[in-house]
Amino acid sequence: MAAEWPELAAAARERRRELALPGAAVAERVAAGGGRLPAGLLELPLLQSLELSGCAALRELGPGLAAALPALHTLVLSGNALGPAGLGAGLGGTLPALRLLDLSGNGLEALPAALGGAGDAGPAEEDGDPAAFPQLRSLNLSGNRLRELGPGLARAAPQLQELLLSGNRLRALPGALLPPAGPAPFPLLGRLEAADNELEEVGPSIAALPALKSLDLANNRLSELPAALADCPRLKDANLRGNPLRDRRLEKMVNGCQTRAVLEYLRSKGRAEGGREETRRRKRDKQHKKDNEERDEAEAVGRMLLKVLHVGDNPAPLLVRASPGVRDVRPYIVCCVLRGVRLRPGNALRRFLSMQTKLHEDICEKRTAATIATHDLQLIRGPLTYSVQPPTELKITPLGRKEMKAKDLLRQLQMEAEEQRKQKKRQNVSGLHRYLQLLDGKDNYPCLVDAEGVVISFPPITNSEKTKIRKTTQDLFLEVTSDTSLQMCKDVMDTLILKIAELNRFTVENEEEDSGDESDAVCGSVALNPKAQQHSSPLVLEQVRVVDTDGNLKVLYPSKTDLATVSSLLTVVR
């Protein structure tokens, strides 16, 4: 119980989102509890990060962990004594927000059922079932005793970007990791480490990992490398040293860390041996081109085209400067400009605002994971500054309100939230006001300020009335901030752009009249002819750089790898 663990009692009392339990300090209590985590953990539903490492007494997570901690995005359980059975009870079900899972150094001989191991049977393996870890980006299984990985991992964690397998007993790669049929697995996997295993074979299906950039297969038993390795389209860094390669020329290049030379050599060697791999590559390229052309045509008709304008091609790119102070408050921000949005006809503006509210509820986890701000680009004067100000000095004109200081705005919102709670006779505040606690205890508040010194955004609370979106708005400045991760900002921005494109298509395809219920709308009716609009200009997405105070680049959006997860729904012309 939580009373037996003062750390848990303090976490519950202080509504903590992070908890780290030193393994050696709690080993005796874990052993007394039968080698499992205390039941008091199930009473911390706000917990987002949990670490308990280096505890040789920990053998089980205990049942119900996944159901009790739905907000968990980081789980570190390295250096314990967990086995597949001990993990299965706690990880059973789904962890929808989990992004990092570290199970290194536990002596696992097989994957737990939740990660697609042998215990994963029945309906959980059927196509169409929800993934157990839909947001998992990093999985560390290093230092275990794994001999193989099953295809169930691709279903359990489809968005995996980093898979660490070094120090196991794997004999083949990818082996059974990639399902034999179905859609391409692991479309975002960029880093794969399997050093210090017992690998004797790297199969040609390694080329089925389209995003693979870094590959570490050092100190294995590989006597040869497949020509298919050269077909990995993004592979830049491959550590293949410490393998008994028969080809001495290839071994020399490998020992010299000449990744590019190694790939070119493998490609030419495969061509010399009959050109079979080259033929397959050309067929894939031809089919890929054909699929792209068919999708381009379909998407053009469906108003789902998106053109990217690069900073170098933009005569007046918008710039955001981030001050050092945001690191301790809300460190991550991603911005871009989107031109060509249609909000005037019918209920287009209402649908747009409703969509933004729904994203805040869902993917942004009621603004606790990230916050979206949308602005009328024509009302902004750049460059912008992402900075912090004390609550008593930060002034903003919130949407629908008069100018006030940040501390007064929060006090007003908290009073409104309390009144709402009383009216609905609830014990806890719920709904949109739940995110107000994110700024508790902060000495400074984050804000986005334009070149005229006007605060246009106060995340995660509100935008400014000055840059409010109206029916006449055609060009948007989009902003996503988070205190979770930069990747969270990018994921939310990807989804936001896709939803705006879908709304734009709907507006064009459906003939509507101006509803006339917006004070800033143009009077009269607007009738759209879908056929006449099918070939009009696509949306244009302009890159925006975020730099530090010295001008060093922090993030550029969209980069070449952004919008990859929505590429099948949105045709992006880069």
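The values are calculated or read from the model by the stated rules, or taken from the named source; none is laboratory data. Computed from a predicted model, the values in this text were never measured in an experiment. We place every Cβ from the backbone using ideal geometry, glycine too, and count neighbours over all the protein chains shown. The area values use the complete protein model at the heavy-atom level, side chains included, leaving out ligands, DNA and RNA. Shrake-Rupley method; radii C 1.70, N 1.55, O 1.52, S 1.80 Å.
Side notes on the structure shown:
- Förster radius 30 Å - calculated FRET efficiency between D550 and E393, Cβ distance, rounded to 0.05: 0.75
- Helical runs (DSSP H, four residues minimum) scored at -39500 (n - 2.57) apiece and divided by the length of the chain put the mean residue ellipticity at 222 nm at -7500 deg cm²/dmol.
- Surface listing: S354, S214 arranged by accessible area from highest to lowest gives S354, S214, probe 1.4 Å.
- Cα shape, region 306-368, gyration tensor, a/c 1.5 rule: oblate
- Taking 7 Å steps out from each Cα toward its Cβ at E4 and C257 produces label points 5.1 nm apart.
- Here the simple spin-label model places points 7 Å from the Cα toward Cβ, and for E403 and R147 these points are separated by 7.3 nm.
- Options Q389, L379, A20, ranked by Cα towards positive dipole end of the chain, top entry (Cβ charges): L379
- Note: relative contact order over region 309-391, using C-alpha pairs below 8 Å and six or more positions apart, is 54 percent.
- Relative contact order [Cα under 8 Å, 6+ residues apart], the chain, whole percent: 11
- Annotation: extensible slack from R470 through S214 equals 87.6 nm (criterion: 0.36 nm per residue apart, minus Cα-Cα distance).
- Three-way shape call for region 330-430 based on the alpha-carbon gyration tensor, with the a/c threshold at 1.5: oblate
- Estimated FRET transfer efficiency when R0 is 41 angstrom, pair K424-S559 (beta carbons, to 0.05): 0.40
- Region 495-511 and region 220-251: distance between their alpha carbon centers, rounded to Å: 46
- Rounded to the nearest 0.05, the FRET efficiency derived from the C-beta distance between R271 and S223 at R0 = 22 Å is 0.55.
- Label-point separation in nm, A24 to E201, each point 7 Å along Cα→Cβ: 4.5
- Violating pairs (Cα-Cα greater than 25 angstrom) within the set K468/K499; K358/K560; K407/K499; K236/K499; K213/K490: K358/K560; K407/K499; K236/K499
- Average accessible surface for the chain: 47 Å² per residue, computed with a 1.4 Å probe over protein heavy atoms with every protein chain in place.
- Nearest-20 debye value, the chain charge dipole, Cβ charges on Lys, Arg, Asp, Glu: 620
- Carbon + sulfur, % of accessible area of the chain - ligands and nucleic acids excluded, 1.4 Å: 49
- Each of the peptides 475-483, 32-40 was scored by the mean count of other Cβ atoms within 10 Å over its residues; in descending order, highest first, they stand as 475-483, 32-40.
- Neighbourhood net charge (14 Å Cβ-Cβ; Lys/Arg +1, Asp/Glu -1) for L61: -1
- Look at where the Cα atoms of region 146-201 and of region 34-84 average out, and the two centres are 24 Å apart.
- Sorting T259, T472 by accessible area puts them as T472, T259; the probe is 1.4 Å, largest comes first, and only protein heavy atoms count.
- Rounded if a/c under 1.5, otherwise prolate or oblate - the chain, Cα gyration tensor axes: oblate
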